[in-house]
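To keep things clear, I will list the structure first and then write my remarks on it.
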Amino acid sequence: MISELFQTMHKARFSGIRIVPENSPSLQQSCVRAFVESLRRTKKQPSDSEGRIMQLQFLPAPLLTPILDRMCSHPELRDLLRDELTDPVLFMKLFNGYAPDYDTLEKCLREATRAQGRPAVLRDLARNYCDMVRSEQRQWALCKAEDDQSRIRARVLESLRFGDYLHEAGWCRCGAEVLALTQELIALLPAPGAPLQMECLVRLLRAQIGACMSSASARTVDRLLTFVDMVPGGGRDSRPPLPLVKAYLQLGSYYYHVQQDYERCHQWALRALASAADGDAPANGDVIDVLQLIALFCVAKERHDLGNMLISQAVQRARTEYGSLHRRYANVLQQYGFVLLRMNAILPAITAFAECLDITGRAYGLLSPHAVVLEGYLAHCLYLRSHTTGRFDMALRHADTALDLARQLMPTSRRVHQQLRHTRDLILRGPDHRRDTKESQPSRERDFHAFSLREIKEKFFELDSSFERDGLACSG
């Protein structure tokens, strides 16, 4: 009987006939479902549950991914999911894995932020990751074995990516801590090379600017300038150790956001624009960043029309390059809203910030530092808009939401709390009768056709010469 059954199955397999239903689960899927169900049953028995969940540390990423994905479907497992994701060893298995693992990881992070009273998952993960790396660093400093060099370099490359990810997710101070620790790891390498050191400094400066770390960013600028000065300036055959446009961009951003020195920002923006080039995806990303920096400079100089044109070009390029639901497109959209706000174009700014909030909510969830910033911007914009509409209640609702998120995610950030309370007090005081309620109506970004980089350079350098003429006229 068994032999006949085996022969029948053997013939069916080679003839393409399925023995089981097409939608029946695989053995792996059945095991995943059974494991997660056992976690749910033992949730009320902490000792048993913790013993089972420890098994996840020994699983490879292809098995770990479906288990965490299925845990996301059960709200009662959010606490367990959060505890697992704040383990740096387990997290890095997915962070360094394939694209499907990465998408599942972000889904799990969004779900874990909804754990009761503990939304700051990435902050706790960054703290645990730094503790793990410091422990490894002490061992490497004592042993100094040749075999450790490859491990150190691998950890450096991983930390660069992780620090950058934390910054993009809004946890700028955590990203700066990881990248500062990466600098210490690079110092353990016998010959790290200028490109690696320079790349780490560029990313570190970017995170420090985002975290408003003025004194630390000043020290990083001094170190970065030594590498920039070392780059040969002449010769067609000279190859800089890093695309210098990234360094120029961060130096210009430092003088704009930290020092408010618009003239030096202008100088670095010129160098970044001259070094930018249309081409592959990384180069296109550099062009988008250059356009944002120059637009901010133009708005600071009250050249609103040109600033609007440049930031519109950045929005169009970002939408084409990344897509309309990508986090980097959301970053450009936030800068676009800021430029519109500086131009007193309140209604378009509200539209830009609202779209940006929707995109970041899809990427990181609504319990992220990005949501704090964007809710604060919306509160301020709606307060200005309410001078015309009289709807101060909408502005107050966004201000309260921003404050509530700040208390959960940034309980020690006094600067953020003070700014949000100031906005809320303005809303409660009602309309400011000294304010001009007339809003500007700039051209929409879709009204501009896409310029080539050569055309953008021509327009900006023409503007640059007009700045000089205006300066001479004022001094005369």
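Rundown of residues vs (1) in contact with a Lys or Arg (Cβ under 9 Å, 6 or more places away or on another chain); (2) outside the structural domain of Cys172 (by the TED database); (3) not hydroxyl-bearing (Ser, Thr, Tyr), yes/no style:
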position	(1), (2), (3)
Leu325	yes, no, yes
Arg328	no, no, yes
Tyr336	no, no, no
Asn344	yes, no, yes
Pro348	yes, no, yes
Val372	no, no, yes
His380	no, no, yes
Thr389	no, no, no
Asp393	no, no, yes
Exercise for the section: Please work out which one of (1) in a helix (DSSP H, G or I); (2) surrounded by fewer than 13 Cβ atoms within 10 Å (Cβ to Cβ) is the condition Gly117 fails and give its number. Expected result: (1)
Exercise for the section: Give Thr360, Thr412 a once-over and let me know the one that is hydroxyl-bearing (Ser, Thr, Tyr), modelled with pLDDT under 95 and part of a helix (DSSP H, G or I). Expected result: Thr360
Handout entry: Total residues in segment 63-110, condition open to solvent by less than 40 Å² (accessible area, probe 1.4 Å) and in contact (Cβ under 8 Å) with a residue 60 or more places away in the chain
Key = 4
Fill in the blank from the handout: Among the residues of segment 317-344, the number that are open to solvent by less than 30 Å² (accessible area, probe 1.4 Å) and either closer than 23 Å to Lys459 by Cα or among the hydroxyl-bearing types (Ser, Thr, Tyr) (or both) is 9
Completion exercise
Out of (1) surrounded by 15 or more Cβ atoms within 10 Å (Cβ to Cβ); (2) over 25 Å from the mean Cα position of the chain (by Cα); (3) not in a helix (DSSP H, G or I), the one Gln137 does not meet is (3)
Exercise for the section: Please work out which one of (1) open to solvent by less than 10 Å² (accessible area, probe 1.4 Å); (2) in contact (Cβ under 8 Å) with a residue 24 or more places away in the chain; (3) within 27 Å of Trp171 (Cβ to Cβ) is the condition Ala352 fails and give its number. Expected result: (2)
Exercise for the section: Give the residue, chosen from Leu59, Leu94, Leu122, Leu85, that is assigned by the TED database to the domain that holds Gln408 and of a type in the set (A, V, I, L, M, F, W, C). Expected result: Leu122
Exercise for the section: Kindly establish whether Asn331 is closer than 28 Å to Leu225 by Cβ, touching a residue at least 60 places away in the same chain (Cβ under 8 Å) and part of a helix (DSSP H, G or I). Expected result: yes
Completion exercise
Screening Leu306, Leu310 for residues that are buried (at least 23 other Cβ atoms within 10 Å of the Cβ), of a type outside the set (Phe, Trp, Tyr), in a helix (DSSP H, G or I) and in contact with a Lys or Arg (Cβ under 9 Å, 6 or more places away or on another chain) leaves only Leu310
Exercise for the section: Check whether at least one residue in segment 376-391 is within 20 Å of Thr113 (Cα to Cα), surrounded by fewer than 21 Cβ atoms within 10 Å (Cβ to Cβ) and small (Gly, Ala, Ser), and report yes or no. Expected result: no
Practice task
For His398, state whether it is out of contact with any Ser or Thr (no Cβ under 8 Å at 6 or more places or on another chain) and crowded, with 23+ Cβ neighbours inside 10 Å.
Solution key: yes
Handout entry: Cross-chain or 6+ apart pairs with Cβ under 7 Å, segment 252-263 first and in the same structural domain as Ala211 (by the TED database) and modelled with pLDDT of 95 or more, then open to solvent by 20 Å² or more (accessible area, probe 1.4 Å) and part of a loop (DSSP other than H, G, I, E, B)
Key = Tyr255/Asp261
Handout entry: Any pair with Cβ under 8 angstrom, 6 or more apart, that starts in segment 38-62 at a residue that is more than 16 Å from Asp79 (Cβ to Cβ) and ends at one that is among the aromatic types (Phe, Trp, Tyr) and modelled with pLDDT of 65 or more
Key = Ala61/Tyr98
Handout entry: Lone qualifier among Asp436, Asp432 - being loosely packed, with under 11 Cβ neighbours inside 10 Å and either of a type in the set (Ser, Thr, Tyr) or at pLDDT below 95 (or both)
Key = Asp436
Exercise for the section: Would you check if Leu249 is surrounded by 20 or more Cβ atoms within 10 Å (Cβ to Cβ) and modelled with pLDDT of 95 or more? Expected result: no
Handout entry: Condition check for Ala191: at pLDDT below 90 and either small (Gly, Ala, Ser) or open to solvent by less than 10 Å² (accessible area, probe 1.4 Å) (or both)
Key = yes
Problem - Boolean, Asp286 is of a type in the set (Asp, Glu) and closer than 26 Å to Leu382 by Cβ - result: no
Fill in the blank from the handout: In segment 355-389, anything in contact (Cβ under 8 Å) with a residue 24 or more places away in the chain and over 26 Å from the mean Cα position of the chain (by Cα) is listed as Tyr383, Leu384, Arg385, Ser386, His387, Thr388
Handout entry: Residue match in segment 440-451 (condition: open to solvent by less than 60 Å² (accessible area, probe 1.4 Å), modelled with pLDDT of 75 or more and among the aromatic types (Phe, Trp, Tyr))
Key = yes
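The values are calculated or read from the model by the stated rules, or taken from the named source; none is laboratory data. Just so you know, these numbers come straight off a predicted model, no measurement behind them. Cβ sites come from the backbone with ideal geometry, for glycine too, and all protein chains shown count toward neighbours. Just the protein is used for accessible areas: all its heavy atoms, side chains included, with ligands, DNA and RNA removed. Shrake-Rupley method; radii C 1.70, N 1.55, O 1.52, S 1.80 Å.
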